[in-house]
Amino acid sequence: MEWGGDDLFAQRDAAARADGDSWVAGLLDGVRPPGPAAKPASGRPQEASAFPELSDAGPDAVEDALALVADPIGRDVVQEPSGRRTWPWIVSAAVVIAAVACIILALAGAGVSQARTDAASAADGLGKADHQASVFLDAHSASELHEPGLWHDLSSRRKANQSLLGQDVSSMDADTARGFASRAGEAEAATTRLTVRARKSLTEKRDADAADALADAVTSARGLLGSTVEDDDTRSSITALRAIVDEAGHLDASSGAERLDAMRSRVDKARDALSDAVSVQSRRAQEKAQQEKAQQEQAQTQEQEQQPVQPAPQSGSTGSNGSGPSAGSGQQQSGSSGWSVPAPDDGSGFPGSDPTL
């Protein structure tokens, strides 16, 4: 640099461009706004710049200059069309969209499959509950239930179940399958609930009938106990029946039909045993009465045989005038002479009077 020159900054820029070491200086020189060329202050000719100067050609000239600055060596810059730079992004977006669509379709298919699986499971549960209800209805009638209306309600429920079980689950979409599973689950719960209530009603009816039967048996047994005379033949049977009747008095319908039926069977057997003992008692009493009567008759007969019979007196005499008894009468008198036969017993225990005495 020369001191005392007109423009120290111009000298500095010239030295920088001469060296070519600083491309920044050249860039600053190249982007200066267009205008009249500055005349050197010192009057010396300005050295040529290594960077192209901007012209007044407009924006295209600026872009060309920038391109040359970016490639100072002078390589040819080949600019790719804008379409080549955007198509990879379009392909990537299409791939992403296709992947998302596949995922959505897979999820939708999985949802339909799961819904159908749930519907099939609900149908199986309803089928089992309906089968149990069918077995109960076939085995029992409405009259066997404490609440006969439950039998009819369960029968109506089975008819509704058949309409659900007749649907094809494999051809349903997701929404239809979910709705079917919900309805089938509700139907299964209703069927199970009615079946349980019907079985409970059947048990209640059986318990009540067993309690009534036991009460009738106890009443009959107590009547027999009241009319039976206790003796050697009936004493043991009476004691056994009384004990069982007292035990049966502590049972009621809550004891259960099985226990009540067992107790009624015991009461019946004990009552039958006492009835047999009463029969033996009656037979022996009758035999004893017959024996006593026979002995009494025998004693009366022996007493009558041992009692003597007085002969009848003979009256009248024979006359010449024939006023005496005739031969016929004599023969009758002679025929009536001798011992008389005692009269038969009239049941009073004493022999009857002899008419000939």
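Being at pLDDT 90 or above, surrounded by 15 or more Cβ atoms within 10 Å (Cβ to Cβ) and within 18 Å of the chain's Cα centre (by Cα) is a property that Thr195 has.
One residue stands out in the range 220-235 among those that are in contact (Cβ under 8 Å) with a residue 12 or more places away in the chain and part of a helix (DSSP H, G or I): the one that is surrounded by the fewest Cβ atoms within 10 Å (Cβ to Cβ), namely Ser220. Does Gln167 satisfy the condition of being out of contact with any Pro (no Cβ under 7 Å at 6 or more places or on another chain) and either assigned to a helix (DSSP H, G or I) or modelled with pLDDT of 90 or more (or both)? So Gln167 fails the test. For the range 204-212, the count of residues that are under 19 Å from Ala139 (Cα atoms), more than 19 Å from the chain's Cα centre (by Cα) and surrounded by fewer than 17 Cβ atoms within 10 Å (Cβ to Cβ) is at least one.
Residues that are of a type in the set (Ser, Thr, Tyr) and free of Cβ contacts under 8 Å to residues at least 12 places away in the same chain do not occur anywhere in the range 185-196. Of the residues in the range 229-248, not one is within 28 Å of Ala133 (Cα to Cα), at pLDDT below 95 and either aliphatic (A, V, I, L, M) or in contact with an Asp or Glu (Cβ under 8 Å, 6 or more places away or on another chain) (or both).
Could you check, for the range 175-184, whether at least one of its residues is β-branched (Val, Ile, Thr), on the phi < 0 side of the Ramachandran plot and buried (at least 20 other Cβ atoms within 10 Å of the Cβ)? Checked the range 175-184: no residue is β-branched (Val, Ile, Thr), on the phi < 0 side of the Ramachandran plot and buried (at least 20 other Cβ atoms within 10 Å of the Cβ). Comparison of Ser317, Ser329, Ser275, Ser282 shows that the only residue that is part of a helix (DSSP H, G or I) and at pLDDT below 55 is Ser329.
The values are calculated or read from the model by the stated rules, or taken from the named source; none is laboratory data. This is a predicted model, so every value here is computed, not measured. As a convention, Cβ positions derive from the backbone with ideal geometry for all residues, glycine included, and neighbour counts pool all protein chains shown.
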